[in-house]
Amino acid sequence: MYNKIYERKEFIIFQVKEGYVVYNTKKSFQEGHTHLKHFEAAKTAVDLVINKKIPKSTDGYYLSSLIRLSDDDKYISKINDLIETREQKGKKSKYYNPGYKLSKRSV
């Protein structure tokens, strides 16, 4: 396997070709690992799962990574609720300023 570059509690971070693998040793490797591109993101994921904090401004992939790393059912259900809420809201439509072209032409 790869050399570990970071370890905290039951979490280990390995460097791989394209990024990093975070692994929770309390779970099987198939169920308890995730791939992230940046070391800081991997380290932050470990901290978030240990402290059971939910980030408000991250994408769905990162949230699902936290679910894979965690073994706390309460924490996992809170993250699932956040993902479900975001899916219900949907994507925001692009803002169109109808007066922009008119004001630019008049100059």
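Quick one: in region 23-54, which of the residues that are among the acidic types (Asp, Glu) and part of a helix (DSSP H, G or I) is farthest from Ser77 (Cα to Cα)?
It comes out as Glu40.
With the structure loaded, tell me whether Tyr20 is aromatic (Phe, Trp, Tyr), over 12 Å from the mean Cα position of the chain (by Cα) and either modelled with pLDDT under 95 or in a strand (DSSP E or B) (or both) or whether it fails that test.
The answer is yes for Tyr20.
Would you point out the residue of region 65-107, among those that are of a type in the set (Ser, Thr, Tyr) and modelled with pLDDT under 90, that is farthest from the chain's Cα centre (by Cα)?
Looking at the filtered set, the residue picked out is Ser106.
Report every pair of residues separated by at least 6 positions or lying on different chains whose Cβ atoms are under 6 Å apart, first residue within region 48-68 and in contact (Cβ under 8 Å) with a residue 60 or more places away in the chain, second surrounded by 15 or more Cβ atoms within 10 Å (Cβ to Cβ).
none
Count, please, the residues in region 2-21 that happen to be loosely packed, with under 13 Cβ neighbours inside 10 Å and on the phi > 0 side of the Ramachandran plot.
So the answer is 1.
Can you spot a residue in region 83-96 that is in contact (Cβ under 8 Å) with a residue 40 or more places away in the chain and in a helix (DSSP H, G or I)?
Within region 83-96, none of the residues are in contact (Cβ under 8 Å) with a residue 40 or more places away in the chain and in a helix (DSSP H, G or I).
The values are calculated or read from the model by the stated rules, or taken from the named source; none is laboratory data. Just so it is clear, the model here is predicted, and its values are computed rather than measured. We place every Cβ from the backbone using ideal geometry, glycine too, and count neighbours over all the protein chains shown.
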